[in-house]
Amino acid sequence: MQFFNPDGNPCYFQFVFKEKITGEILFESKLVPPNMSLSPIKLNKTMEKGSYPVVLQLHCFDLNDINRELNGAEIEAQLNVL
């Protein structure tokens with residue numbers, strides 16, 4: 001798994017990955033500047049084999065004022081642990 005902030009993007013990204021049912025945070029990144037990526041991603045806990053509904057939240061912050069949150073996104077997905 002890799003999280004990426006594209007080159008030329010006018011904001012920092014913060015990635016939050018959590019279980020959909022419990023809301024437990026599995027991963028929370030620091031601010032990622034443009035043209036940088038996070039890989040590998042280490043989850044906060046060991047997951048048993050199986051398929052889990054998860055939510056990826058993407059938070060965007062101003063490059064000149066990291067306390068100013070901009071738009072964001074929330075994506076639902078399935079995490080398959082082998």
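Just so it is clear, none of the values below were taken in a lab; they were calculated from the coordinates. No experiment lies behind these values; they were computed from the predicted model shown. Cβ coordinates were reconstructed from backbone atoms using ideal geometry, including for glycine residues, and neighbour counts include every protein chain displayed.
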### The one condition in (1) assigned to a strand (DSSP E or B); (2) within 13 Å of the chain's Cα centre (by Cα); (3) farther than 15 Å from Asn5 by Cα that Val16 fails to fulfil
(3)
### Query
within 14 Å of the chain's Cα centre (by Cα) and in a loop (DSSP other than H, G, I, E, B), is that true of Ile21?
no
### Task
Please tell me if Ile75 is more than 16 Å from Pro6 (Cα to Cα), in a loop (DSSP other than H, G, I, E, B) and hydrophobic (A, V, I, L, M, F, W, C).
no
## Note on the structure
The residue from Ile41, Ile21 that alone is out of contact with any strand residue (DSSP E or B) (no Cβ under 6 Å at 6 or more places or on another chain), of a type in the set (A, V, I, L, M) and surrounded by fewer than 17 Cβ atoms within 10 Å (Cβ to Cβ) is Ile21
### Query
Out of (1) surrounded by 15 or more Cβ atoms within 10 Å (Cβ to Cβ); (2) out of contact with any His (no Cβ under 6 Å at 6 or more places or on another chain), what's the single condition that is false for Pro6?
(1)
#### Entry: Qualifying residue in region 4-21 (condition: in contact with a Lys or Arg (Cβ under 6 Å, 6 or more places away or on another chain) and free of Cβ contacts under 8 Å to residues at least 60 places away in the same chain)
no
### Query
Inside region 35-72, can you point out the residues that are in a strand (DSSP E or B), of a type outside the set (S, T, N, Q) and within 12 Å of the chain's Cα centre (by Cα)?
Leu38, Val54, Val55, Leu56, Leu58, His59, Cys60, Gly72
